[in-house]
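Shown next, in structure tokens, is the structure this report addresses.
The values are calculated or read from the model by the stated rules, or taken from the named source; none is laboratory data. The model shown is predicted, which means the values in this text are computed figures rather than measured ones. Virtual Cβ from ideal backbone geometry, glycine too; neighbours counted across all protein chains shown. Quick note on the areas: whole protein, heavy atoms, side chains included, nothing else; ligands and nucleic acids left out. Shrake-Rupley method; radii C 1.70, N 1.55, O 1.52, S 1.80 Å.
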Amino acid sequence: MKRSSNSGLVYSTDGGRMCPECRRPVVECVCKARTAATGDGVVRVMLQTKGRGGKTVTLVKGLALDPTTLALLRKQLCTACGSGGTVKDGVIEVQGDHCDLVMETLRRHGHHPKRAGG
């Protein structure tokens with residue numbers, strides 16, 4: 001039986017999820033350090049309800065920031081809006097319809113956001 005080049009350890013009870021590239025636990029991954037700053041430089045703010053059970057979420061995409069700075073910005077946006085949120089795959093998600101407030105807060109932090117979507 002042939003062995004696949006991408007086969008290997010996927011989960012370990014010792015470290016949790018494993019990175020397929022560097023074969024370390026995801027929290028200690030050295031691959032994500034190389035690809036930390038992703039984004040096209042255009043900050044887009046949009047609303048999304050699809051796939052969220054009818055709940056509205058404000059999305060902020062295109063920020064070319066490292067994960068630590070992105071998490072700090074998420075906290076500042078959520079505090080300004082008075083709601084919860086998270087960071088998933090370089091996209092900040094703020095619960096609720098807060099596009100105008102998020103755009104104003106991003107401008108105060110030196111970004112140039114654009115409204116995207118309908």
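Quick rundown of the values:
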{"quantity": "Residue list for the stretch 89-118, filter: charged (D, E, K, R) and modelled with pLDDT of 90 or more", "calculated": "Glu93, Asp97, Asp100, Glu104, Arg107, Arg108, Lys114, Arg115"}
{"quantity": "All positions within the stretch 18-38 that are in contact with a Gly (Cβ under 8 Å, 6 or more places away or on another chain), modelled with pLDDT of 65 or more and either surrounded by 14 or more Cβ atoms within 10 Å (Cβ to Cβ) or on the phi < 0 side of the Ramachandran plot (or both)", "calculated": "Met18, Pro20, Arg24, Pro25, Val26, Val27, Glu28"}
{"quantity": "Single unsatisfied condition, Leu47 versus (1) out of contact with any Gly (no Cβ under 8 Å at 6 or more places or on another chain); (2) assigned to a strand (DSSP E or B); (3) of a type outside the set (Ser, Thr, Tyr); (4) open to solvent by 30 Å² or more (accessible area, probe 1.4 Å)", "calculated": "(1)"}
{"quantity": "All strands (runs of 3 or more DSSP E) inside the stretch 59-115 with 2 or more residues being open to solvent by less than 90 Å² (accessible area, probe 1.4 Å)", "calculated": "85-88, 91-95"}
{"quantity": "Residue identified as free of Cβ contacts under 8 Å to residues at least 24 places away in the same chain and within 17 Å of the chain's Cα centre (by Cα) among Val45, Val87, Val57", "calculated": "Val87"}
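Residue-wise test of (1) in contact with a strand residue (DSSP E or B) (Cβ under 7 Å, 6 or more places away or on another chain); (2) at pLDDT 75 or above.
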| site | (1), (2) |
| --- | --- |
| Ser7 | no, no |
| Ser12 | yes, no |
| Gly16 | yes, no |
| Asp40 | no, no |
| Val43 | yes, yes |
| Leu59 | yes, yes |
